[in-house]
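Notes follow once the structure below has been shown.
The values are calculated or read from the model by the stated rules, or taken from the named source; none is laboratory data. The shown structure was predicted, so the numbers you read here are calculated from the model rather than taken from an experiment. For neighbour counting, all protein chains shown are included, and Cβ atoms are generated from backbone atoms with ideal geometry for every residue, glycine included. What goes into the accessible areas is simple: the full protein's heavy atoms, side chains included, and nothing from ligands, DNA or RNA. Shrake-Rupley method; radii C 1.70, N 1.55, O 1.52, S 1.80 Å.
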Amino acid sequence: MHRSFLIFATALIALMAGALFYAARFPVQEAVPEPVAEAVEKGAYAPIYPAFRLTDIAGVERDFSEWQGKHRLLNFWATWCAPCRREIPLLKTFQDEHGADGFQIIGIAVDFPEQVAAYAEEAEFNYPILVGQEDAMAVAETSGIEFIGMPFTMIVAADGELINTHVGEIKDSHLEHIAKVLTMLDTGEIDKDSARKALNFL
């Protein structure tokens, strides 16, 4: 009886371990957040004005309002995230090309300060890098959608109002479209609702 129980228990554990290993080989299907523009149309989304403080890689506390008056792209990333690292050269180029036009990239690393500081020496960022873990994730979650992974980007208008979000790796074509739409917003060619809809493909 005792021997039979041991054999059964061993087989059950082996079966469970095999099932877990098999499941781990396949990525979990992430929930796709409802696009901001669609939520606005349904009346289920209220634009927010992000307000937060995080320290930069030098350990200095920075306030989000410091960049008020500029269109801001808050890019959430981590040193261990390959798609995040691929975005960085594109974001640097965007900052060089559009910084004088009132655009500001702000990197928010959801990571350990020491690792971010070490990586920053290699990356040579030309835009501010803020660092946090739970605090940084809390900022991302103020977008109104569940923070489900990185990279993640929040697009905030010059007056501080959230325009849209992008989950996943951002491409050069995305950045150029963002610049075009927000420039049209500046000139009065479109309003904020139209800007949200125009960026809804992101």
Practice item. Could you do me a favour and compute the accessible area per residue for region 71-123, 1.4 Å probe, result in Å²? Key: 41 Å²
Point to revise | Ordering of 159-165, 53-59 by packing [mean C-beta count within 10 Å, highest first] | key: 159-165, 53-59
Exercise for review: With only Lys, Arg, Asp and Glu charged, each at its Cβ (+1 for the first two, -1 for the last two), find how big the charge dipole of region 113-199 is about the Cα centre; round to the nearest 20 debye.
Suggested key: 380 debye
Exercise for review: Identify the chymotrypsin sites (Phe, Trp or Tyr not before Pro) of region 94-202 meeting these criteria: DSSP loop state and at most 14 other C-beta atoms within 10 Å of the C-beta.
Suggested key: Phe201
Check your understanding: For region 59-84, list residues with backbone N below 12 Å from a point placed 7 Å from the Cα of Glu122 toward its Cβ?
Key -> 79-82
Check your understanding: Leaving out ligands, DNA and RNA, what percent of the accessible area of region 52-202 is carbon and sulfur, probe 1.4 Å?
Key -> 50 percent
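Quick one: which of 75-83, 105-113, 60-68 comes out on top by average Cβ neighbours within 10 Å, and what's the full order, highest first? Write out the running numbers ahead of the final one.
Numbers: 75-83: 18.2, 105-113: 22.8, 60-68: 13.4.
Sorting 75-83, 105-113, 60-68 by mean packing, highest first, produces 105-113, 75-83, 60-68.
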Point to revise | Euclidean distance of C-alpha centroids, region 124-202 and region 94-120, integer Å | key: 14 Å
